[in-house]
Amino acid sequence: MDKQKWIAIFGNVNVADGEIIHVPVLGCTSSDDMPAADSAEIIPPHALVRSNMEFDQGTITWEAKIEEQNGRVQLMFPADAAATYASKGDSVNPELAVGLNVLGAPYGFAIWNGTWTDAGGSGHGSILPLGEWIPMKLIVRGSIIELYVYGVKVATTNHTLKRGGISILLQGSTGSAARNFKIIEDLPMCFAIMQFTEEFNILYQDVIRPVCESYGYQVVRGDDYYTSGQIMEDVTQSIRSAALIIADVTPDNANVFYEVGYAHAIGKPTILLCDRRRERLPFDISGFRTLFYDNTIGGKSLVETRLKQHLDALRPK
């Protein structure tokens, strides 16, 4: 990865030796790009800094420091409008804020989509340490996002990040700072949903798995689990952790339709496959875009081509 670079697009900062330090300027209190995640009408001096680092899956660690109790250090990530805000539309690019002093919570998340919305926090009633470097960690697996402070999990939210640049909001009248950003990226996971019979095993092994792996996905299917726990707990956890769902809905399999319904309910990007021999799809999914195929050698070649087209469409522009 290229050397980290941070550029202030609003406010005043010093960047040196891996530290991003907010130097407040009196009278400079508002930014049209990203209002602070706070309900107060008066916004304290702040800076918005963007980096050359992109992220959507994996782990980020950093340290944050504030000098006053209402100081803020928050990472900003682009969120997927279609998956997270289908009910609100995407007239405003959604952002996820993560860090210190978020909407009244010492530690937590907030969503910006024209207005700020609480997305989960903790530590209410507690006092943040001042002038001390606070170790932070963010783990993102699919739509599950976990925030750790001092190695303790303090907040969890469920949103889908869209791969893009990381920004940081620094706010306070006496300054705030961040340093030591490290990123460990994970392969995004594709979870395959289908009946476990020979014909679908062949489709999975010969087409779905190799195509998705060629696009950088880790591909998992329900029968890959060998834990002693309940299988459905593993399956629902995998759906939440997955970046993409591929489901074959050819047979009337109750488990398959349950898992597809769960994926749709939490807004997962989903590609449906179906053999043309099926006369019609169930009404509940008939409106979703479906990749139909013929269960022949030529048909598998065609589904491979069309699956690649779908995966190309899902890649960030």
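The values are calculated or read from the model by the stated rules, or taken from the named source; none is laboratory data. None of these values were measured; they are calculated from a predicted model. Glycine gets a Cβ as well: all are built from the backbone with ideal geometry, and neighbour counts include every protein chain shown. Note: accessible area is taken over every heavy atom of the protein model, side chains too, but ligands, DNA and RNA are not part of it. Shrake-Rupley method; radii C 1.70, N 1.55, O 1.52, S 1.80 Å.
Just to make sure I understand: if all protein chains stay in place, what is the order of Tyr262, Tyr107 by accessible area at 1.4 Å, largest first?
On the way: Tyr262 55, Tyr107 35 Å².
The ranking, largest first, comes out as Tyr262, Tyr107.
Please work out how much accessible surface Val152 shows to a 1.4 Å probe, ignoring ligands, DNA and RNA, in Å² rounded to 10.
Val152 exposes around 80 Å² with every protein chain in place.
Could you calculate the contour length gain from Ser173 to Val152, that is, 0.36 nm times the residue separation minus the distance between their Cα atoms, to one decimal place in nm? Write out the running numbers ahead of the final one.
Working: separation 21, 0.36 × 21 = 7.56 nm, distance 2.86 nm.
Extra length available between Ser173 and Val152 comes to 4.7 nm.
Take Met232 and Tyr258, extend 7 Å from each Cα along the Cα→Cβ direction, and tell me the distance between the two endpoints in nm.
Modelled inter-label distance: 0.4 nm.
Along Cα→Cβ, 7 Å out, is where each label goes; now give me the distance between the ones at Trp133 and Asn14 in nm to one decimal.
A separation of 1.6 nm, rounded to one decimal place.
Cut-off under 30 Å on the C-alpha distance; same-chain residues fewer than 8 positions from Lys182 excluded. Which lysines are left, in chain and number order?
Partners found: Lys3, Lys5, Lys65, Lys137, Lys153, Lys162, Lys268, Lys317.
Tell me which of Val211, Ala242, Leu138 sits at the most positive position along the dipole axis of the range 135-263, charges placed on C-beta atoms (Lys, Arg +1; Asp, Glu -1).
Leu138
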